[in-house]
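One structure is given below, encoded as structure tokens.
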Amino acid sequence: MNELTLRERLIVTIASLLDGARHVAVGASSPIPAAAAMLLRAQKEAVNEPAVRLSILGSVKHNLFTNGSAELFDCAGQGRIDAFFLGGGQIDGQGNINLVGVGDYPHTKVRWPGSFGSAYLYFTIPKVILFREEHSPRVFVDKVDFISAPGTSEPGVYRKGGPYALLTGMALFMFDPSKARFRLVHMHPGHTLEEIQSATGFAFDVDPQLSVTPSPDAATLELLRGRVLDELRETYPDFAQQLTKEIAAHAE
């Protein structure tokens, strides 16, 4: 088996986190999560298990919605979406995310696109996976400058959703809502605990069974490099081309 690229590892890891979801929704600019959802769907079909429904905003072929985010919000509110993805310019150890900017609001030194429906989806979708390829202290901070969407709520506040896991270019963390704290469970090959601690601006727990992120079997890799890569070209042609080049470079 050819050596995995980092992005292939991220796709395979997300697919494993999505296992059990019946309906996965993906934002318009999220090629890696989209590829993971496509991979999960292909895996389930390969073993004749119940189909996984995909709603990839911006896609014609892989999207059941005809009115964009309005239908996404309605579907989430009705409890008909099982998994979604959020990122952030800043993410802290309590699972809070910041999509607004750096500095004291409204006098931010750096301005990002904004919160949009992130808080609503964070509350209504049971499994929200936080995802950022960059793993650095400027992204993973002790306390976000602005809370676009809170990771936890006060007792008595009704919410079905919240952070389930945090995946980065270095590692995988799981979130414990009772502690409002992340737990490091896997390190990607080539990284150490000390390196991850140095690159993370918040404190986290370490799983007693901390291990290297698992690699896929040959059948999974074949699906990813075949069917999934072909499906990606419809919605994310540039990403699919880039991933194809990365795979070829690793094979040399």
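The values are calculated or read from the model by the stated rules, or taken from the named source; none is laboratory data. All figures in this text were calculated on a predicted structure; none of them were measured in a lab. As a convention, Cβ positions derive from the backbone with ideal geometry for all residues, glycine included, and neighbour counts pool all protein chains shown. These area figures cover heavy atoms from the full protein model, side chains too; ligands, DNA and RNA do not enter into them. Shrake-Rupley method; radii C 1.70, N 1.55, O 1.52, S 1.80 Å.
Observations on the structure shown:
- Unmet requirement for residue 79, which otherwise passes all of (1) open to solvent by 40 Å² or more (accessible area, probe 1.4 Å); (2) out of contact with any Gly (no Cβ under 6 Å at 6 or more places or on another chain); (3) more than 24 Å from residue 32 (Cβ to Cβ): (1)
- Which listed residue is buried (at least 20 other Cβ atoms within 10 Å of the Cβ) and not polar (S, T, N, Q), from 155, 163: 163
- Every condition in (1) modelled with pLDDT of 95 or more; (2) in contact with a Ser or Thr (Cβ under 6 Å, 6 or more places away or on another chain) holds for residue 63 except the one numbered (1).
- Flag if residue 132 is of a type outside the set (Val, Ile, Thr), closer than 25 Å to residue 23 by Cβ, touching a Ser or Thr at 6+ places or on another chain (Cβ under 7 Å) and surrounded by fewer than 18 Cβ atoms within 10 Å (Cβ to Cβ): no
- Pair list, Cβ under 6 Å, 6 or more apart: the stretch 10-37 residue within 18 Å of residue 172 (Cα to Cα), other residue surrounded by fewer than 23 Cβ atoms within 10 Å (Cβ to Cβ) and among the small types (Gly, Ala, Ser): 17/165
- Candidates 51, 42, 70, filtered to the one that is aliphatic (A, V, I, L, M), open to solvent by less than 10 Å² (accessible area, probe 1.4 Å) and either assigned to a helix (DSSP H, G or I) or in contact with a helix residue (DSSP H, G or I) (Cβ under 8 Å, 6 or more places away or on another chain) (or both): 42
- Of note, residue 87 does not satisfy the criterion of being surrounded by fewer than 17 Cβ atoms within 10 Å (Cβ to Cβ) and under 20 Å from the mean Cα position of the chain (by Cα).
- Single condition residue 167 does not satisfy, out of (1) part of a loop (DSSP other than H, G, I, E, B); (2) in contact (Cβ under 8 Å) with a residue 60 or more places away in the chain; (3) among the aliphatic types (A, V, I, L, M): (1)
- Considered as a group, the residues in the stretch 196-224 that are among the charged types (D, E, K, R) and open to solvent by 60 Å² or more (accessible area, probe 1.4 Å) include one that is nearest to residue 142 (Cα to Cα), and that residue is 217.
- Given (1) touching a strand residue (DSSP E or B) at 6+ places or on another chain (Cβ under 7 Å); (2) open to solvent by less than 20 Å² (accessible area, probe 1.4 Å), index of the condition residue 117 fails: (1)
- Residues located in the stretch 178-194, provided they are open to solvent by 70 Å² or more (accessible area, probe 1.4 Å) and touching a residue at least 40 places away in the same chain (Cβ under 8 Å): 181
- Complete set of residues in the stretch 3-39 that are surrounded by fewer than 19 Cβ atoms within 10 Å (Cβ to Cβ), modelled with pLDDT under 95 and not small (Gly, Ala, Ser): 3
- Residue 148 satisfies every condition listed in (1) over 30 Å from residue 192 (Cβ atoms); (2) polar (S, T, N, Q); (3) open to solvent by 20 Å² or more (accessible area, probe 1.4 Å); (4) modelled with pLDDT of 95 or more except (3).
- Residues in the stretch 90-113 that are open to solvent by 30 Å² or more (accessible area, probe 1.4 Å) and farther than 26 Å from residue 197 by Cβ: 104, 105, 106, 107, 108, 109, 111, 112, 113.
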